[in-house]
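Asks: Mind having a look at this structure? Questions to follow.
The values are calculated or read from the model by the stated rules, or taken from the named source; none is laboratory data. Source: prediction; values computed, not measured. All Cβ positions, even for glycine, are placed from backbone atoms using ideal geometry, and neighbour counts span all protein chains on display.
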Amino acid sequence: MFSGIIEVVGTIRQIETINIDKRFTIETGKLDLSDLAAGDSICVNGVCLTAVEICKDGFVTDVSTETLSCTTFDVLEIADQVNLERALKLGDRLSGHMVSGHVDGVGKIKSFHADARSTQYQIDMPASLNRYLCRKGSICVDGVSLTVNEVDESSFTVNIIPHTLDETIFSSYRQETQVNLEIDMIARYVEALMQADHH
């Protein structure tokens, strides 16, 4: 489990193709790795991955063909920056919302503009996710816990405050940048319960 509060921006240092899977080496910069062990989960751009090896200044993780096919990992390149968050410990403060690191779809930056001191982003999403979003609800974009401003059939808007812009990869986004989207877990459970009632 994660909270969607990014701890640090990391950098992809190496990408190896093993069979048809990929192995990423990610440099973690100022992130304290003293309590990270092989086998631990870490959220990379909103995707829950397993650290298979801990290096001096980062970690190595394997990304399966399934994950490559349904996330932005297929288009990431060496030197790209990524949002990182270690798994929550029991007793940690939950500052964002409950994030599982299971991506529901890939969105695309449609536009962005200054809005007072914030920056407003409009993000295209797969039409299948529309039903799970509502104004003032939660959405996770590349691992960042955000509040939805407005939502229509194929896109939604979020406001990014200066702090979030500085501490995440949002500042690197351009039009057409692909982003990982995870809907609010509660919306998913509500739907499952409603479907169960109809059977």
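Asks: Hey, among the residues in region 86-100 that are over 16 Å from the mean Cα position of the chain (by Cα) and closer than 15 Å to Ser145 by Cα, which one's surrounded by the fewest Cβ atoms within 10 Å (Cβ to Cβ)?
Replies: Arg93
Asks: Specify the residue that is surrounded by the fewest Cβ atoms within 10 Å (Cβ to Cβ); the eligible residues are those in region 134-155 that are within 16 Å of the chain's Cα centre (by Cα) and among the hydrophobic types (A, V, I, L, M, F, W, C).
Replies: Among those that are within 16 Å of the chain's Cα centre (by Cα) and among the hydrophobic types (A, V, I, L, M, F, W, C), it is Val148.
Asks: Here's another thing I want to ask about it. Determine which single condition Ser111 fails, assuming it passes every other condition in (1) at pLDDT 95 or above; (2) farther than 17 Å from Thr168 by Cα; (3) buried (at least 19 other Cβ atoms within 10 Å of the Cβ); (4) among the hydroxyl-bearing types (Ser, Thr, Tyr).
Replies: Exception for Ser111: condition (3).
Asks: Let me ask something additional. Among the residues that make up region 25-33, is at least one of them at pLDDT 95 or above, surrounded by fewer than 21 Cβ atoms within 10 Å (Cβ to Cβ) and in the same structural domain as Val82 (by TED's automatic domain parsing)?
Replies: yes
Asks: Wholly within region 1-85, which strands (runs of 3 or more DSSP E) include no fewer than the required count, namely at least 2 residues that are under 15 Å from the mean Cα position of the chain (by Cα) and in contact (Cβ under 8 Å) with a residue 60 or more places away in the chain?
Replies: The qualifying strands (runs of 3 or more DSSP E) are 8-18, 41-44.
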